[in-house]
Each structure stands twice: as C-alpha cells, then as structure tokens.
Amino acid sequence: MEAPLNVLETAKRTLQIELDGVSGLLSKLNNDFTVIIETILQLRGRVIVTGVGKSAIIAQKIVATFNSTGTPSVFMHAADAIHGDLGIIQDEDLVICISKSGNTPEIKVLVPLLKLAGSKLIGMVGDLNSYLAHNADLVLDTTVEKEACPLNLAPTSSTTAQIVMGDIMAVCLLESRGFSRSDFARYHPGGTLGKRLYLKVSDLYINNEKPSVRPDASIKEVIIEITKNRLGAVTVLRGEDICGIITDGDIRRMMEKYDSVGHLQAQDIMYSAPRTIESEELAVNALAMMRANNITQLIVLEAGIYKGIIHLHDLLREGII
C-alpha cells in the first residue's frame, strides 16, 4: 500500500487540529473545575474513574497518574459496572465518568445507579447538552470542535483533550497537597525515576570490597589489591588517613613512563587529591560527580572516614544511568 503523497501535510494538519482542541480547554476551565479540585482534596474516599471504549483507556491513564501523585484512585469500566463492578464504589468515594458523547447506553444505565447510591458524580464530557452533562453534579467540559480524523469519527482530538484534562487535574492536586520529590520516590520505589530520588551511595558501596594499601606498598601489592577487589582502583591509606587513590589508568600510565617499576611504591604513582563522596549522598549525585570529572570511581566517606569505593558499574546495575 502506497503512502499518501501529502503525508507531511496530513501529519501537520492532524497535529494542528489536536493542538486547537487542547488550547480550547483554556476557555473551559471554570468554577466547576475549582470546586472539583477542592472536593477531591477534601475527599475521605477514593476517586473512581469510569468510561467505555477509548474513554475507558483514558480513564486508566488518569487513574495511574492520580495514584502516582498522591490521589488514591480506582478504574471501573462502565460496562462492567452495570454487571457487578458497582461494588467497587464505597460510601465516601467520588466518581468521574468520562464520555465524549455523554449519551452511550452504558452511561444512561450507569448514571441513575450512581445517583441512587448517592455517589458524587463528575462528568468529563464532550457535549454539554448530553445526558451525562445534565445529570452530573459537576462538569469538566472537554468539547472539541472536531476530531483530527478526516471522517470526524475516530476519537482523536477528543481523547487528547480528555487526557490533558486529567493531567491538569493531577498537577493541581499534587501542587495543592505540596507533593514533594520524596513523596514521588515513595510511590515509585521500583522505577528508575524513584531510584534517582531515594537511592543513596550507602545502598550501593556496601556491597563492594574495601580495597586499600599503605603508601609504601610495592607495585605488586597494588596490582594484586586492585585485581582482587575488581573495582579498578585502590585507596592509599596511612592509618585511617587517605593519602590518595590508584586506578587501572595510573598503572597503565606508570608502565608507559618507566622501563622498570620494581623500585616504585604506591605513593609514587597515586593521585593525591582523590574525589570523595559522603555515604548519605544520593547515588545520582555520585553519577554527576563522576561525569563532571570523567572518572569511574569515587572514594566513599562517612564522617570523613574511609568506608569503601562506589563504581560506575554500581550505578549501571541499578538503572541510575
């Protein structure tokens, strides 16, 4: 099947129609929106989000965004609701029903049941003259002038407006709650975003060995210690005081510089101003320091005392990079 000759023109026209649909939401944010946000903030239950078809898919995304930003939320498919899933809804919950037309058979069956149960009903709807709009307690207007689909049939601009409205609500709610980076990390403990916000150097270096040599150690001793601990470096200590660090690179540079190395000691080839990081620093800060200095290891300190080495590979394993 051949691509249309004006594919770029079609793409740009589609994007413009979608942009127009989203920008149109600016004039639709009214007092109902403010009341809805205030109601959700005071809610003792959960936000139940429902819909059918494409609106059901948007509902699931909104639920995921709400949950991840501090607003307890549950998805309920409107078709399943009228076949038993209404039991999901508890007394203090609020329901957001999403529909472009607001007149689908499922909505017309579901809405009276919600009203009968006394549930607070928010309609996110693309037709203010629809059944849903007339029967909802409060309305989020996501009307668009037309779909990006050239037949004006496939939900495109309308679903984009719905998903943007959900994002607007989520951001307003999280800002109103003072939702912080640490809160975000608490809700995303298994993901890379969460790890960047909570994972500390102390969580990583503790799994490594603690390589060290004296300043007067022989080059053979240095190489054995680096090889044994597989961190590509060894810390040079005089008692508990850090004198420097020796890396694989220092060993290679030594071999290039000297014909004979039998007379050399650790203090002769060490780098005397090693980069260090406190154990309670975030792992992402260790990564930033490594990148800034073009290195792959950092000496870890705890209250100024040598505790070990964190390597770039530790960060790679945790998906920090």
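Tabulated values for the structure
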| quantity | calculated |
| --- | --- |
| Matching residues in the stretch 28-56 - criterion: being open to solvent by 20 Å² or more (accessible area, probe 1.4 Å), β-branched (Val, Ile, Thr) and touching a residue at least 60 places away in the same chain (Cβ under 8 Å) | 35, 39 |
| Odd one out for residue 84, checked against (1) over 24 Å from residue 30 (Cα atoms); (2) at pLDDT 90 or above; (3) surrounded by fewer than 16 Cβ atoms within 10 Å (Cβ to Cβ) | (2) |
| Elements of type helices (runs of 4 or more DSSP H) contained in the stretch 214-321, each with 2 or more residues being free of Cβ contacts under 8 Å to residues at least 24 places away in the same chain and closer than 26 Å to residue 202 by Cβ | 219-229, 283-293, 312-317 |
| Filter result for residue 45 (part of a loop (DSSP other than H, G, I, E, B) and under 24 Å from the mean Cα position of the chain (by Cα)) | no |
| Those helices (runs of 4 or more DSSP H) lying entirely in the stretch 85-190 with at least 3 residues more than 30 Å from residue 318 (Cα to Cα) and among the hydrophobic types (A, V, I, L, M, F, W, C) | 105-117, 157-177 |
| Selection count where residues are without any contact (Cβ under 8 Å) to a residue 40 or more places away in the chain, within 34 Å of the chain's Cα centre (by Cα) and surrounded by fewer than 18 Cβ atoms within 10 Å (Cβ to Cβ), scope the stretch 128-164 | 4 |
| Residue within the stretch 215-228 that is of a type in the set (A, V, I, L, M), under 20 Å from residue 313 (Cβ atoms), more than 26 Å from the chain's Cα centre (by Cα) and open to solvent by less than 40 Å² (accessible area, probe 1.4 Å) present | yes |
| Residue in the stretch 117-126 that is within 33 Å of the chain's Cα centre (by Cα), β-branched (Val, Ile, Thr) and modelled with pLDDT under 95 present | no |
| Residue 310 being under 19 Å from residue 214 (Cβ atoms) and open to solvent by less than 30 Å² (accessible area, probe 1.4 Å) | no |
| Residue within the stretch 7-27 that is farther than 25 Å from residue 138 by Cβ, open to solvent by 30 Å² or more (accessible area, probe 1.4 Å), in a helix (DSSP H, G or I) and of a type in the set (Gly, Ala, Ser) present | yes |
| Test: residue in the stretch 266-273 that is closer than 20 Å to residue 308 by Cβ and open to solvent by 70 Å² or more (accessible area, probe 1.4 Å) | yes |
| Among (1) out of contact with any Pro (no Cβ under 8 Å at 6 or more places or on another chain); (2) surrounded by 18 or more Cβ atoms within 10 Å (Cβ to Cβ); (3) of a type in the set (D, E, K, R), the one test that residue 100 misses | (1) |
| Matching residues, the stretch 229-265, being among the hydroxyl-bearing types (Ser, Thr, Tyr) and surrounded by fewer than 17 Cβ atoms within 10 Å (Cβ to Cβ) | 258, 260 |
| Residues satisfying the stated conditions in the stretch 280-306, i.e. touching a Phe, Trp or Tyr at 6+ places or on another chain (Cβ under 9 Å) and over 18 Å from residue 317 (Cβ atoms) | 299 |
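Each row is one residue, and each column tells you yes or no for (1) modelled with pLDDT of 95 or more; (2) of a type outside the set (Gly, Ala, Ser).
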{"position": "2", "(1), (2)": "no, yes"}
{"position": "7", "(1), (2)": "no, yes"}
{"position": "10", "(1), (2)": "no, yes"}
{"position": "21", "(1), (2)": "no, no"}
{"position": "32", "(1), (2)": "no, yes"}
{"position": "35", "(1), (2)": "yes, yes"}
{"position": "38", "(1), (2)": "yes, yes"}
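The values are calculated or read from the model by the stated rules, or taken from the named source; none is laboratory data. Since the model is a prediction, treat every value here as computed from it, not as a measurement. We place every Cβ from the backbone using ideal geometry, glycine too, and count neighbours over all the protein chains shown. Keep in mind that these areas ignore ligands, DNA and RNA; they rest on the heavy atoms of the full protein, side chains included. Shrake-Rupley method; radii C 1.70, N 1.55, O 1.52, S 1.80 Å.
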